[in-house]
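What follows is calculated from the coordinates using simple rules that are stated; it is not laboratory data. Note that this is a predicted model, so its numbers are computed, not measured. Heads up, the Cβs are rebuilt from the backbone with ideal geometry, glycines too, and the neighbour counts pull from every protein chain shown.
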Amino acid sequence: MSKPRQVVVIGGGPAGLMAAGQAAAGAPVLLLERMGRLGTKLRLTGNGRCNLTNLAGQDDFLAHFGESGLFLRNAFARFFVPDLLAFFEGLGVPTVVEEGGRVFPASNDAHDVAEALARFARAQGVEVRLHCRVARLLLDGNLVQGVALDDGRQIAAEAVIVATGGASYPHTGSSGDGYRLAEQAGHRLAPIRPALVPLAIAGPEPRAMMGLALRDVEARLMLDGQVLARGLGEMLFTHYGVSGPLILTLSGPAVEWIGRGRLELAINLRPALGAEQLDAELRAELERHGRRTFRSLLKALLPAKMVDVVAVRTGVPPGKPGNQVTAAERARLRALLQDFRLAVAGHRPLAEAMVTAGGVDTRDVDPLAMASRLVKGLYFAGELVDVQADTGGFNLQAAFSTGYVAGRAAVDYVTREETRR
Ligand SMILES: Cc1cc2nc3c(=O)[nH]c(=O)nc-3n(C[C@H](O)[C@H](O)[C@H](O)COP(=O)(O)OP(=O)(O)OC[C@H]3O[C@@H](n4cnc5c(N)ncnc54)[C@H](O)[C@@H]3O)c2cc1C
């Protein structure tokens, strides 16, 4: 066995780097990262811009986590948005706020966030070892003793913080190892499933509209005609279906209900208008340009990639003059503009999800310390715990806050153990 280390952190993502830097304030810390670089996933976040947190008020912020918000209350009370902004400011990463309270680095570069975190950890004295994949925890009954690497080497530790992330985007290094480590320590796991994942839509229409981004639209997720969830925002058509922030946000309930009834998305392209208002607008438009063809009128109403799809769905011959369009045909067009249905056929695989839902069951973790309730000296932080939120910077804030708490608690624990001896 190598020389005993006080705290070993597994995983060099946002949660692990924050935890390591905090723990290093009071103990020697070794951070083990399986990849050749720190923060590989972090560097991809926010389309390479890193939406690192959100300025939503605390209650609103927690609501974005659904039921798991309650568990995070303490971590957020200890290290929340203002603390994170000051933390990055202090590291030379000023931030800017965008629509919806989303916070980004002013440089618009996720690498700056990752590099600043790595600098922070190293400046705190954290020893970082890359290309080190932890395969097993070393346990003595209910006491953690260290970790074993996949090459068989063993590293002793008094406290171990598992911050290995989820199981999506596995090429970034987060391929679900932490779940196995937690299970080895006797922890229960909430079923792993994709969250914030694009949806597959039945039929050829998405392919015809591929690349089309719709902004400021409303989407309702419907099961057998009943609304399950709704939201406003931006969506994108892809070759298999739909993606974009609005769809990712609705994907949680979609994943849950797929295969349990007729699941549809109802898109409202004119959410600011009532049905009667829109109908009056369409009637005026058809009268004003009565000699133009229905198809050319649609071009004025819709993005180019939707024109033919909508024309086919109305059943109106594309060459029909506007002034011959009947009231029933106009009503069909109005309905399509405000209730454009897409049949949800499935979701993309976990590997393509932005976040993994499920994970280390929060019932077995003390939220005040992010400590295992089953094994002394064992801590968890970040996405591998069963907490997940919408897009908007919430997931990264959770990783930073739980990392902060786990790091501080681990150092308190090793200091207590030392004075006891
Ligand atoms: C494309 C994309 C965009 C995203 N954009 C945003 C966004 O803008 N805002 C937001 O809030 N969230 C975003 N997220 C989610 C966010 O990236 C994650 O929630 C966050 O990275 C989780 O942090 P973490 O530290 O828990 O895990 P990770 O960032 O996954 O880090 C875990 C680390 O542990 C390492 N590791 C794993 N197993 C082992 C092992 N056995 N031994 C050693 N090391 C190991 C991994 O290599 C990895 O470096 C995005 C996710 C994706 C995929």
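Here is how the numbers come out for the structure above:
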quantity: Long-range amide H partners of Gly146 with built H, under 5 Å; calculated: Leu138, Ala157
quantity: Burial ranking of peptide ranges 287-293, 277-283, 235-241 (average Cβ count within 10 Å, highest at the top); calculated: 235-241, 277-283, 287-293
quantity: Highest-first arrangement of 89-100, 331-342, 20-31, where packing means the average Cβ count within 10 Å; calculated: 20-31, 331-342, 89-100
quantity: Along principal axes, Cα extents of region 204-255, largest first, whole Å; calculated: 28, 23, 16
quantity: Length-normalised contact order of region 4-152 in % [C-alpha pairs under 8 Å, at least 6 apart]; calculated: 31 percent
quantity: For region 308-421, size of Cβ-based charge dipole, Lys and Arg +1, Asp and Glu -1, in debye; calculated: 380 debye
quantity: Sorted peptide list for 373-383, 74-84, 191-201, 224-234, criterion being average Cβ within 10 angstrom, highest first; calculated: 373-383, 191-201, 74-84, 224-234
quantity: Whole-percent pair-distance distribution, where bins are 10 Å wide, for the alpha carbons of region 27-99; calculated: 15, 35, 40, 10, 0
quantity: Vicinal HN-Hα couplings computed from phi for region 379-385 (Karplus, 6.51 cos²θ - 1.76 cosθ + 1.60; Hz; Gly/Pro x); calculated: 10, 10, 8, x, 5, 6, 7
quantity: Given charges at beta-carbon only (K, R positive; D, E negative), |dipole| of region 238-326 in Debye; calculated: 360 debye
quantity: Neighbourhood charge, 14 Å Cβ-Cβ cut-off, centred on Arg332 and excluding it, Lys, Arg +1 and Asp, Glu -1; calculated: +3
quantity: Pair-distance profile P(r), taking every C-alpha pair of region 128-236, with 10 angstrom steps and integer %; calculated: 11, 29, 21, 15, 17, 7
quantity: Relative contact order (%) - criterion: Cα under 8 Å, at least six apart; region: the chain; calculated: 25 percent
quantity: Dipole of the chain, positive direction: furthest Cα of Leu42, Ala409, Leu17, with charges on the beta-carbon; calculated: Leu42
quantity: For region 306-400, convex hull volume per residue from C-alpha positions, Å³; calculated: 165 Å³
quantity: Check: the chain dipole with +1 on Lys, Arg Cβ and -1 on Asp, Glu Cβ, in debye; calculated: 820 debye
quantity: Rounded to whole Å, sorted largest first: equivalent-ellipsoid semi-axes of the chain, Cα gyration tensor; calculated: 50, 20, 17
quantity: Rel. contact order, % - alpha carbon contacts under 8 angstrom, at least six apart, region 124-252; calculated: 17 percent
quantity: Within-10-Å neighbourhood charge of Ala190 [Cβ basis; K, R +1; D, E -1]; calculated: +1
quantity: Listed residues Gln277, Val312, Val126: farthest to the positive end of the dipole of the chain (Cβ charges); calculated: Val312
quantity: Residue-averaged [θ]222 nm for the chain, counting only DSSP H segments that reach four residues, each worth -39500 (n - 2.57); calculated: -11000 deg cm²/dmol
quantity: Selection from Tyr179, Val344, Leu221 lying farthest towards where the dipole of the chain points positive, charges on Cβ; calculated: Val344
